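Novice: Pasting a structure here, questions to come.
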Amino acid sequence: MSDILCIYYSRTGSTRGAMEKIARTLGAELVELKDGVNRSGFKGWLRCGMDAMRRTCPPVAKPETKRPLADYRLVIIGSPVWAGRCSSVARSFLKQYGKELQNAAYVLLRGSEDKNEEVYDQMDLYVPCGHRAAVSLRSGSVGYAFWQEEFLRQTRDFLSGQEK
Ligand SMILES: Cc1cc2nc3c(=O)[nH]c(=O)nc-3n(C[C@H](O)[C@H](O)[C@H](O)COP(=O)(O)O)c2cc1C
């Protein structure tokens, strides 16, 4: 049973794709976050934007993980960027469970050139341990594979440093 958890929210599949690859490479458990809100189509898109701007925290279903969250050595949280913030679903998860995490890392999926790296600090507000590694990826961009590999390298470095 892995002691690394990859947990993510994805509206249109980009974050899911990135997290599937990261989980596969690290041999981590993979869990999707759901808030039960219909976010499809134009109305759904608008709702996502409003939720992000208002910092609304919709209740997320308790993630069904194999271990209690506090028992994972590293929890990697994946989220799309919405209106310069993390998705409200990821925010809800962090608000509810961020205090339980031993170590965290962030994977952001974005649509623009701007890496939105200030979102890492926003997420840290809910996570007392802060983040050990982070990456911002844009689907289809030239640097996507490079930055994803770089994130995996940072993550492996952190994990092997812990084993010493
Ligand atoms: C409501 C909304 C707001 C968004 N705001 C931003 C933004 O501020 N900056 C950005 O780079 N991308 C923004 N995006 C684009 C998404 O972050 C991007 O398409 C991402 O890859 C979607 O991930 P997903 O397929 O896992 O849902 C926004 C998308 C939505 C739906």
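Read the figures in this text as sums done on the coordinates, not as results from a lab. Source: prediction; values computed, not measured. So basically every Cβ, Gly included, is an ideal-geometry build from the backbone, and we count neighbours across all protein chains shown.
Novice: Please report the relative contact order for the chain, taking Cα pairs under 8 Å with a sequence separation of at least 6, and give it as a percent rounded to a whole number.
Specialist: That works out to 21 percent.
Novice: Which lysines have a Cα lying under 24 Å from the Cα of residue 95, excluding residues fewer than 8 positions away in the same chain?
Specialist: Counting by Cα, and skipping residues close in sequence, residue 95 has these lysines nearby: 34, 62, 66, 115.
Novice: With a cap of 14 neighbouring Cβ atoms within 10 Å, and only residues DSSP puts in a loop, list the trypsin sites (Lys or Arg not before Pro) found in region 110-152.
Specialist: none
Novice: Something else now. To test your reading of the geometry: what angle, between 0 and 90 degrees and rounded to tens, separates the Cα axis of helix 88-97 from the longest principal axis of the chain?
Specialist: For 88-97 against the chain, the angle is about 50 degrees.
Novice: Using each residue's phi in region 34-47, evaluate 6.51 cos²θ - 1.76 cosθ + 1.60 at θ = phi - 60° and report the 3J(HN,Hα) Karplus result to the nearest Hz, with x for Gly and Pro.
Specialist: After applying 6.51 cos²θ - 1.76 cosθ + 1.60, I find 9, 10, x, 9, 6, 10, 8, x, 5, 4, x, 4, 4, 4 Hz.
Novice: Hey, another quick one. Quick one: work out the % antiparallel among DSSP beta bridges in the chain, nearest 5.
Specialist: 10
Novice: Return one number: the angle in degrees, 0 to 90 and rounded to the nearest 10, between the long axis of the Cα atoms of helix 14-26 and the longest principal axis of the Cα atoms of the chain.
Specialist: Compared with the principal axis, the helix lies near 10 degrees.
Novice: Consider all pairwise Cα distances in the chain and report the whole-number % of them above 30 Å.
Specialist: Details: 1292 of 13366 pairs.
When every Cα pair of the chain is considered, 10 percent fall beyond 30 Å.
Novice: Between the DSSP loop rule and a limit of at most 16 other Cβ atoms within 10 Å, which GluC sites (Glu not before Pro) in region 64-164 are left?
Specialist: Sites meeting the loop and neighbour criteria: 64, 113, 117.
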